[in-house]
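S.K.: Got a structure for you, written out below as structure tokens; questions coming shortly.
The values are calculated or read from the model by the stated rules, or taken from the named source; none is laboratory data. In this text, all values refer to a predicted model and were calculated from it rather than measured experimentally. When we count neighbours, we look across all protein chains shown, and the Cβ atoms used for this are built from the backbone with ideal geometry, even at glycine. In case anyone asks, the SASA skips ligands and DNA or RNA and just uses the protein heavy atoms, side chains included. Shrake-Rupley method; radii C 1.70, N 1.55, O 1.52, S 1.80 Å.
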Amino acid sequence: MTPVDALDTLVLMDLDVEAERTRSLIVGNLSFDRDIYVKNFEITIRLLGGLLSGYQLTGDKRLLKMAEDLGNRLLPVFNSRTGLPYVYINLRSGQTRDPVTNPAETGTLLLEFGTLSKLTGRPVFYEKAKRALVETFKRRSPPGLVGESINVETGEWTNTDSHISGGIDSYYEYLWKCWLLFGDKDCRAMWEASIPVINKYLADEIRGELWYGHADMQTGKRTRTDFGALDAFFPGLLALSGDLKRARRLQASSFKMWNLYGIEPETLDYKTMRVVAGSYHLRPEIVESTYYLYHYTGDREYRRMGEKMFDDFVKYCRTDSGYAALADVVSKQQVDEMESFALAETFKYFYLLFAPPETLQFDKVIFNTEAHPLKRTW
Ligand code: DMJ
């Protein structure tokens, strides 16, 4: 997982020797012919996304072949009554399990599966992932919100809490990005139907600050005033979709959350400013949004934000052998955990925020939710 997730970061950073070693490690050793259950969502955004961007950046066709092999193995995951994917799939047998999933897991597949279709000329990947996205959207409530968990066999919601946090977040991200990457008008229409509803029911004004909280999908009533490290992707998406005003205001709130303890918590109650979940998992979202905002505004304030966050990140998370997640942002106690997205995303976005613009042609790529840049070459 880690070498595939990290490859394009190494390429973009011009770490040529390390990138070359990583590429040969992958093509020489990685095989998907294994009797293991994998989470379809995680393997898609990290491995399928990483192989596809790795192929596009290096031109190494073996990476595309591996992506296609992986895509073939994942296809049975969509064999439910609704077309929504199961959570887990066995890479060798194609057996699936766990029918209770969420919009992020059903709706964050089309950039990767769609790109695979475009690059292989086989529409099946695009069609299956698009259907899963549409089937999720179709089940929105009368106010137009989606919930936190859904059963892929019955198509019924099993948890009606609605928000932009983990479990839903990247579903919205892909509605807009699939319009941008593929020019898919259905995706644009689904985005345009969703964003006013998000701004109506989830956005919250408090002390003159903009936050996004939780509401019940059926009634639109506020259920919780929670915002956290995962929600911090939203200013970036607002900026990418043209709403710089809200993007700037929400980014200011995210940065306030970061500065409470000099590292952001997983979840904060923005009404009381009390920490609800105090861990920090080396998450990238707040850095990603800083990068987007700097790109669109050119405002040096965002580089200053990034500098402060990078200094804190190094100060509290660096160890002799890698970077460590924190059990608690107050005590800064480190834990033996370094998710592959630290290399795929957190370091990449920090780097791109300060790198000269020619490092990556921003307008020519769409980042998948794991920060793998995908290019429209078709
Ligand atoms: C990553 O795997 C992706 O960014 C995903 O969309 C959300 N969670 C992690 C990073 O926090």
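S.K.: Might you tell me the accessible area per residue for the chain, computed with a 1.4 Å probe and given in Å²?
M.R.: 40 Å²
S.K.: Roll a 1.4 Å probe over the protein heavy atoms and report the accessible area of Asp35 in Å², nearest 10.
M.R.: 110 Å²
S.K.: Treating cross-link reach as a plain straight distance, find the aspartates and glutamates whose alpha-carbon is under 16 Å from the alpha-carbon of Lys200, omitting any fewer than eight places away in the same chain.
M.R.: Correct list for Lys200: Asp161, Glu192, Glu209, Asp216, Asp243.
S.K.: I've got another one for you. Take the alpha-carbon centre of region 98-162, take the same for region 259-327, and report the distance between them in whole Å.
M.R.: Using only Cα atoms, the two centres lie 29 Å from each other.
S.K.: So, by mean Cβ neighbours within 10 angstrom, what's the order for 194-203, 357-366 with the highest one leading?
M.R.: Highest to lowest by the protection proxy: 194-203, 357-366.
S.K.: Please list, in order, the residues from region 218-258 whose amide nitrogen is less than 14 Å from a point placed 7 Å along the Cα→Cβ vector of Glu337.
M.R.: Hits in region 218-258 for Glu337 at 14 Å: 229-230.
S.K.: With unit charges on the beta carbon (Lys/Arg positive, Asp/Glu negative), name the residue among Ile263, Val275, Ala252 whose Cα is farthest towards the positive pole of the charge dipole of region 237-277.
M.R.: The one lying farthest along the dipole's positive direction is Ala252.
S.K.: Which of the pairs Lys128/Lys177; Lys177/Lys256; Lys138/Lys221; Lys61/Lys130; Lys65/Lys128 have their Cα atoms more than 23 Å apart in this structure?
M.R.: Beyond 23 Å between Cα atoms: Lys177/Lys256; Lys61/Lys130.
S.K.: Spit out the partnerless Cys residues in the chain, using Cβ distances under 4.7 Å as the pairing rule.
M.R.: Result for the chain is Cys317, no neighbouring Cys Cβ within the cutoff.
S.K.: A follow-up question, please. Give me the percent relative contact order of region 190-319, please, defined on Cα pairs under 8 angstrom at least 6 residues apart.
M.R.: 21 percent
S.K.: Please give, to one decimal in nm, the separation of the simple spin-label points placed at Glu205 and Thr272, each 7 Å out from Cα toward the Cβ.
M.R.: A separation of 2.5 nm, rounded to one decimal place.
S.K.: Pop a pseudo-label 7 angstrom from the Cα along the beta-carbon direction at both Asp311 and Val100 and give the gap in nm to one decimal.
M.R.: 4.6 nm
S.K.: Right, here's the next one. Would region 225-365 count as rounded, prolate or oblate if I go by the C-alpha gyration tensor, calling it rounded below 1.5 in a/c and otherwise prolate when a/b exceeds b/c, oblate otherwise?
M.R.: Since a/c reaches 1.5 but b/c is at least a/b, the shape of region 225-365 is classed as oblate.
S.K.: On to the next question. Quick one: with all protein chains in place, what share of the accessible area of the chain is carbon or sulfur, to the nearest percent (1.4 Å probe)?
M.R.: 48 percent
S.K.: Could you compute the FRET efficiency for Arg188 and Gln361, with r as their C-beta to C-beta distance and R0 at 25 Å, rounded to 0.05?
M.R.: Computed FRET efficiency for Arg188 and Gln361: 0.65.
S.K.: I would also like to ask the following. With a Förster radius of 51 Å, plug the Cβ-Cβ distance of Lys138 and Lys375 into 1/(1 + (r/R0)^6) and report the FRET value to the nearest 0.05.
M.R.: Calculated value: 0.95.
S.K.: Additional query: Which order do peptides 82-89, 318-325 fall in by mean Cβ count within 10 Å, highest first?
M.R.: Going by the mean number of other Cβ atoms within 10 Å, highest first, we get 82-89, 318-325.
S.K.: Given +1 on the Cβ of Lys and Arg, -1 on the Cβ of Asp and Glu, and no further charges, what dipole in debye does the chain carry about its Cα centre, rounded to the nearest 20?
M.R.: Charge dipole of the chain: 900 debye, to the nearest 20.
S.K.: OK, next. Taking R0 as 25 Å, what FRET efficiency do you get between Asp69 and Glu18 from their Cβ-Cβ distance, rounded to the nearest 0.05?
M.R.: According to the calculation, E is roughly 0.50.
S.K.: Just need the relative contact order of region 1-199 here, percent rounded to a whole number, with Cα pairs under 8 Å and 6+ apart.
M.R.: Taking the mean separation of contacting Cα pairs over the length of region 1-199, I get 17 percent.
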